[in-house]
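Each remark here refers to the structure printed beneath this line.
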Amino acid sequence: MQIKDEALQQAILLRTNGMSYRKIAEYTRLPYEKIRYQCRNLDCDKTPVDEEMPSKIQNREVCAYCGRPITENEHSRGRKKRFCCEECRRKYWKIHRDEQKQKPTAIYTKVCPYCGKTFEVYGNKHRKYCCHEHYVADYFGDGKHSRVS
């Protein structure tokens, strides 16, 4: 069974590596029952629950995305790694965009020329449309909406 929701994939990885359902629900902000249902269906409850998992994530002993142990290079300097690999880092930040530090000067308020909806965009002052579908419909013309002047 392929699970498309990336946050749910993260929850399953964390459960497979020993985090409890409650802690996963707090960490990923997914409903407890959804996590429990999916984990039981996929039979990923074989690993004993590790109640120390949230503190291990905070202390950077395990990956913040999947919960696997992080191996440090003996020559590494500076702060400890937060993720076990580049793929986990990208997936984590794709799900947790709200945790990223944002400059208030880089938030732009725009009006979509297709639907007239006001939207905010971060870091791209040249963006015109609120979503890709409106760009395609306006550029190639679907005949359903007229352009807002």
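Computed from the coordinates by the stated procedures, all read-outs in this text should not be read as laboratory data. Note that the structure is predicted; figures quoted are calculated from it, not measured. All Cβ positions, even for glycine, are placed from backbone atoms using ideal geometry, and neighbour counts span all protein chains on display.
Would you tally the residues in region 10-39 being more than 23 Å from residue 98 (Cα to Cα), among the charged types (D, E, K, R) and assigned to a loop (DSSP other than H, G, I, E, B)?
Final tally of qualifying residues: 0.
Please determine whether any residue of region 90-98 is without any contact (Cβ under 8 Å) to a residue 60 or more places away in the chain and more than 17 Å from residue 13 (Cα to Cα).
yes
Which residue pairs have Cβ atoms under 8 Å apart, sit 6 or more places apart or on different chains, and have a first residue in region 119-132 that is touching a residue at least 12 places away in the same chain (Cβ under 8 Å) and a second that is surrounded by fewer than 12 Cβ atoms within 10 Å (Cβ to Cβ) and among the aliphatic types (A, V, I, L, M)?
Listed pairs, sorted by first residue: 122/106; 123/106.
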